[in-house]
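Undergrad: The structure is given below, and queries will be raised subsequently.
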Amino acid sequence: MIIGKYGIWISVVFLLLNCDKERFFEGPDQYIDDFESYELVDELFFGDNEKWSFTQQTFEGNSLSVSREKFHSGTQSIKFSALNPSDSDSASKASIVKQKMAFWEGETVSADFWIYLEGNEESNWLFLFDLEEQATIGAGPGIRLALVENALLIEHKYPNPNIEQKGEKLRFPRDEWVNIQLEIKLSRKKEGYIKVWQNENLIIDQSKWKTLPKDILYFQQGTKGMYSSVEFGITANTLDNPTVLYVDDVEVKVLE
Amino acid sequence: MKIFLIAFLFSPIFLPAQKAQYLSFELGGSGGLASINYEKVFSQKENIALYYRTGFSFAPVDQNNGTAFIFPLMLHTKIGKDQHFLDLGLGQSISITSEGNFFIRMPTSLGYRFEPTGKKIYWRFSYTPIVSYLLDFQWEHWGGITFGHKFGI
């Protein structure tokens, strides 16, 4: 009797959640930061998710700082340093994350930012930008921009093949500011698309593509047909060398 | 906690006498990649039988999420006679990860069940879509093959 009584109420709550998920998981669908207003890096995380949500620094030597030596515009950028992960099981990360955003299926997300990658050492599978969802069970499924053999590609944290540049790959320049733009139409069917520009050159143009994850048996559960976080910096350095990267003038928004 | 749950699912309160009981192994199906299950018929009228099954499975998720321990609870109906049956099932599958996360999906089953005459075994071949409904409605195609063995009467 008691189970029946509460079972009805629990079912009603679940149904309301399901029907009104866009209100329940609401959040901003745009964010701009030129990093000019910060004196110290801790100020990036002031307030209740008003600016950035948190930083990931997986090794003790990894760091994040406000840089006044290199900048794309104004007088400042953010400097990310990540050690070589060497024999560790986990990737070396130094990144900033903004959570509790809301990019829904059917919308087109645009990300525009500037990167300065220091040095000429090889950087294979260096991840630079993530667009992810927080699933209840699962490893933040989403889309990532990676540098592999000195060229950008798109990798997915759900079953979907990588998208490489077709033909001759455009080399990723070092020791200079590089503009990256992504445009992603969100779809859980093969009705989405991904476009990537490097310094205004269209290097990836993939249509009829599944751009959102779905639940997968019991390995990935609680996906909602949305993305809720963006991550910039060295979001994962899996191989090779220590990395120093600068990021400036980031803008994420939904295109009208 | 896990031990208590397993003990509860397989406890003797589910085992009144004089009804057919099975232990089964399902490859794919309601438990994900594979599961072991206890099944018991609790109602039988002419060519229709109702039975429930409780099972256990697990799925390694990743380094951060650990392993998901899965407990499918299903209500089935078996329609037919002699050796051949239509087998329909609906249930809830509770996942609890080693990191403390929790989720429920709804496994369903539409299958053919074969019980060879004079033997204590059965085979079931099923279409077993798993449905998400808590945060979002999703229908995931899946299938399973079950081998069961009767015990008791």
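Throughout, read-outs are computed from the coordinates displayed, never taken from laboratory work. Keep in mind the model is a prediction, meaning the values are calculated, not measured. Every residue, glycine among them, receives a Cβ derived from its backbone with ideal geometry; neighbour counts consider all protein chains shown.
Undergrad: If one computes P(r) from the Cα atoms of the range A:53-145, what percent of pairs lie at distances over 23 Å?
TA: Beyond 23 Å sits 35 percent of the P(r) for the range A:53-145.
Undergrad: Can you show me the helix-derived [θ] at 222 nm for chain A, built from DSSP H runs with n ≥ 4 at -39,500 (n - 2.57) apiece and divided by the number of residues, rounded to the nearest 500.
TA: Estimated from H runs of four or more residues: -2500 deg cm²/dmol.
Undergrad: Now, a different point. Mind giving me the FRET efficiency for residue A:151 and residue A:88? R0 is 25 Å, r the Cβ-Cβ distance, nearest 0.05 is fine.
TA: E(calc), rounded to 0.05, equals 0.45.
Undergrad: By count of other Cβ within 10 Å, fewest leading, how are A:31, A:158 ordered?
TA: Working: A:31 15, A:158 20.
Fewest-to-most ranking of A:31, A:158: A:31, A:158.
Undergrad: Quick check: the distance between the Cα centres of the range B:32-101 and the range A:21-93, to the nearest angstrom?
TA: Between the Cα centre of the range B:32-101 and that of the range A:21-93, the gap is 45 Å.
Undergrad: For helix A:2-19, what angle does its Cα long axis make with the longest principal axis of chain A, in degrees from 0 to 90 and rounded to 10?
TA: Its long axis makes an angle of about 50 degrees.
Undergrad: When all alpha-carbon pairs of the protein assembly as shown are counted, what percent fall beyond 39 Å?
TA: Working: 27088 of 83436 pairs.
Of the Cα pairs, 32 percent sit more than 39 Å apart.
Undergrad: Contour minus end-to-end for residue B:137 and residue B:63, with contour as 0.36 nm per residue of separation and end-to-end as the Cα-Cα distance?
TA: 23.9 nm
Undergrad: State, as an integer percentage, the relative contact order of the range B:27-92 based on alpha-carbon contacts under 8 Å between residues 6 or more apart.
TA: The normalised contact order for the range B:27-92 reaches 26 percent.
Undergrad: Specify whether the C-alpha gyration tensor of the range A:145-256 places it in the rounded, prolate or oblate class, a ≥ b ≥ c being the square roots of the eigenvalues: rounded for a/c under 1.5, otherwise prolate if a/b is larger than b/c and oblate if not.
TA: prolate
Undergrad: Got the relative contact order for the range A:174-256 handy, in percent, Cα pairs under 8 Å and 6 or more residues apart? All intermediate terms of the calculation are to be shown ahead of the outcome.
TA: Numbers: 110 pairs, mean separation 15.5, N = 83.
Relative contact order comes out at 19 percent.
Undergrad: Pairs of Cα atoms under 8 Å, at least six residues apart: use those to get the relative contact order of chain A, whole percent.
TA: Value for chain A: 28 percent.
Undergrad: What nm value, rounded to one decimal, do you get for the distance between residue B:34 and residue A:63 when each label is placed 7 Å out toward the C-beta?
TA: My value for the distance between the label points is 5.1 nm.
Undergrad: Rounded, prolate or oblate: which fits the range A:49-90, taking a ≥ b ≥ c as square roots of the Cα gyration tensor eigenvalues, rounded meaning a/c under 1.5, else prolate when a/b beats b/c? Don't skip to the end; give the middle numbers.
TA: Working: a/c = 3.67, a/b = 1.62, b/c = 2.26.
Judged from the Cα gyration tensor, the range A:49-90 comes out oblate (a/c at least 1.5, b/c at or above a/b).
Undergrad: To one decimal place, what orientation-averaged projected area in nm² is obtained for the convex hull of the Cα set of the range B:53-110?
TA: 4.4
Undergrad: For residue B:150, give me every one of the aspartates and glutamates with a C-alpha distance below 14 angstrom, ignoring sequence neighbours fewer than eight places off in its own chain.
TA: B:39, B:115
Undergrad: Assuming R0 = 22 Å, can you tell me the calculated FRET efficiency for the pair residue B:119 and residue B:90, based on Cβ-Cβ distance, to the nearest 0.05?
TA: E(calc), rounded to 0.05, equals 0.20.
Undergrad: Is there a pair in A:185/A:224; A:21/A:100; A:51/A:185; A:157/A:189; A:70/A:195; A:169/A:210 whose C-alpha atoms are over 18 Å apart, and which pairs would that be?
TA: Over 18 Å Cα-Cα: A:51/A:185; A:70/A:195; A:169/A:210.
Undergrad: Given R₀ = 30 Å, FRET efficiency for residue A:169-residue A:32 by Cβ-Cβ distance, to 0.05?
TA: 0.50
Undergrad: Among the trypsin sites (Lys or Arg not before Pro) in the range B:59-153, which ones are in a DSSP loop with at most 15 other Cβ atoms within 10 Å of the Cβ? Mind listing them?
TA: Within the range B:59-153, the qualifying trypsin sites (Lys or Arg not before Pro) (loop, at most 15 other Cβ atoms within 10 Å) are B:119, B:120.
Undergrad: Need one number for the range B:60-153: average projected area of the convex hull over its C-alpha atoms, nm².
TA: One quarter of the hull surface, i.e. the mean projection, equals 7.6 nm².
Undergrad: Any idea what the dipole of the protein assembly as shown comes to, in debye rounded to 20, about its Cα centre with Lys/Arg Cβ at +1 and Asp/Glu Cβ at -1? Display every interim value, and only then the final one.
TA: On the way: 39 positive and 52 negative charges, 673 e Å.
It comes to approximately 3240 debye.
Undergrad: Quick one: if you stick a label point 7 Å off each Cα along the C-beta vector at residue A:75 and residue A:40, how many nm between them?
TA: For residue A:75 paired with residue A:40, the spin-label model returns 1.9 nm.
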